[in-house]
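Undergrad: Shown below is the structure under consideration.
The values are calculated or read from the model by the stated rules, or taken from the named source; none is laboratory data. These figures come from a predicted structure and were not determined experimentally. Note that we place each Cβ from the backbone using ideal geometry, even for glycine, and neighbour counts take in every protein chain shown. Side chains are part of the model used for accessible areas, which takes the heavy atoms of the whole protein and leaves out ligands, DNA and RNA. Shrake-Rupley method; radii C 1.70, N 1.55, O 1.52, S 1.80 Å.
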Amino acid sequence: MSSQIGDNSAAARNRAPIYQALAPWLSSDARVLEIGSGQAVHARYVIAQRPDIAWQMSEAPAGLAALCDSLAREPITAQPTPITLDVRQAWPAGRFTMIFGANVAHIMPMAAVRALFERGAPALMAGGCLCLYGPFFDTQETPGAGNQRFDAALQARDPAMGLRTRQALDALAEAAGLVPAACDVMPQDNRLLIWSKR
Ligand SMILES: C[S@@+](CC[C@H](N)C(=O)[O-])C[C@H]1O[C@@H](n2cnc3c(N)ncnc32)[C@H](O)[C@@H]1O
């Protein structure tokens, strides 16, 4: 079964395999921008393994207070202060080696997913990568029952939410100058999709 909306226990279960899949893409001078950091579950875990990298957490305005509360309870030291970032608005200056988002593409409306690619690609250095983790559909595959149920539950909650197809994301990536680089199969029928900048 796929991740639930804002489910920190799912994030905690998945953080280790996500880190293992991201690790080959994290160079010693990595500068990561995380979209929708939630309560910093992934940031906390990756930074604990790799204190040498710079991890910029961000949250949409509605999620920033929960992120800051989590960091107040359990601080992460020697990393940039989290920033407010709605992917449809202005992005931070600076080039990143990686943009990472876990469980964000099925929560954002499609216009925001499009903005994530359009505005994210210019924020990447040449050779940098955009990585999205979560449940996705693939038009070439029969969807798993868990992902179908999750998609139906999302759409019942908000018709703008829902699982995206890998092919739709590939099209957005290509239009933004990114090329498919990896599709890692992850536990519970999730994927880590990676596109790199030429
Ligand atoms: C299901 S939560 C995932 C949180 C965290 N990444 C995790 O895996 O535990 C979805 C996240 O997407 C963020 N989000 C939704 N719309 C957004 C937008 N337009 N721009 C940036 N973040 C957004 C939410 O604020 C929320 O943190």
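Undergrad: Quick check on the range 45-61: of everything there that is more than 9 Å from the ligand (Cβ to nearest atom) and buried (at least 19 other Cβ atoms within 10 Å of the Cβ), which residue is farthest from F117 (Cα to Cα)?
TA: So in the range 45-61, the residues more than 9 Å from the ligand (Cβ to nearest atom) come out as 45-57.
From what's left, buried (at least 19 other Cβ atoms within 10 Å of the Cβ): 46-47, 55-57.
Details: V46: 23, I47: 25, W55: 19, Q56: 18, M57: 18 Å.
Filtering first and then ranking leaves I47.
Undergrad: Which condition number does P75 fail, the rest of (1) touching a residue at least 40 places away in the same chain (Cβ under 8 Å); (2) open to solvent by 30 Å² or more (accessible area, probe 1.4 Å); (3) away from the ligand (no atom under 13 Å from the Cβ) being met?
TA: (1)
Undergrad: Another one. Looking at the range 94-107, I want the residues that are more than 13 Å from A121 (Cβ to Cβ) and among the hydroxyl-bearing types (S, T, Y) and have a partner that is open to solvent by less than 10 Å² (accessible area, probe 1.4 Å) and within 9 Å of the ligand (Cβ to nearest atom) with Cβ atoms under 6 Å, at least 6 apart or on another chain. Which pairs are those?
TA: Within 6 Å, no pair qualifies.
Undergrad: What number of residues within the range 147-167 satisfy the criterion of being in contact (Cβ under 8 Å) with a residue 24 or more places away in the chain and surrounded by 14 or more Cβ atoms within 10 Å (Cβ to Cβ)?
TA: Step one: of the range 147-167, the residues in contact (Cβ under 8 Å) with a residue 24 or more places away in the chain are 147, 149-151, 154, 157, 160-167.
Applying the additional criterion that residues be surrounded by 14 or more Cβ atoms within 10 Å (Cβ to Cβ) yields 147, 150-151, 154, 161-166.
Total meeting the criteria: 10.
Undergrad: Only residues that are part of a loop (DSSP other than H, G, I, E, B), β-branched (V, I, T) and away from the ligand (no atom under 13 Å from the Cβ): list them for the range 94-151, please.
TA: To start, the set of residues in the range 94-151 that are part of a loop (DSSP other than H, G, I, E, B) comprises 94-95, 103-109, 135-136, 138-144.
Next, only the ones that are β-branched (V, I, T) stay: 104, 107, 139, 142.
Those that are part of a loop (DSSP other than H, G, I, E, B), β-branched (V, I, T) and away from the ligand (no atom under 13 Å from the Cβ): T139, T142.
Undergrad: If you check A12 against the conditions, is it at pLDDT below 95, more than 8 Å from the ligand (Cβ to nearest atom) and within 17 Å of M186 (Cβ to Cβ)? Working first, answer last.
TA: Values: at pLDDT below 95: yes; more than 8 Å from the ligand (Cβ to nearest atom): yes; within 17 Å of M186 (Cβ to Cβ): yes.
It is true that A12 is at pLDDT below 95, more than 8 Å from the ligand (Cβ to nearest atom) and within 17 Å of M186 (Cβ to Cβ).
Undergrad: Can you list the helices (runs of 4 or more DSSP H) found entirely within the range 1-90 that contain at least 1 residues being among the aromatic types (F, W, Y)? Step through it out loud before you land on a result.
TA: On the way: elements: 8-22, 41-49, 61-73.
In the range 1-90, the matching helices (runs of 4 or more DSSP H) lie at 8-22, 41-49.
Undergrad: May I pose another question? Regarding I35, is this residue more than 9 Å from the ligand (Cβ to nearest atom), touching a residue at least 24 places away in the same chain (Cβ under 8 Å) and either surrounded by 18 or more Cβ atoms within 10 Å (Cβ to Cβ) or farther than 19 Å from W195 by Cβ (or both)?
TA: Numbers: more than 9 Å from the ligand (Cβ to nearest atom): no; touching a residue at least 24 places away in the same chain (Cβ under 8 Å): yes; either surrounded by 18 or more Cβ atoms within 10 Å (Cβ to Cβ) or farther than 19 Å from W195 by Cβ (or both): yes.
In short, no.
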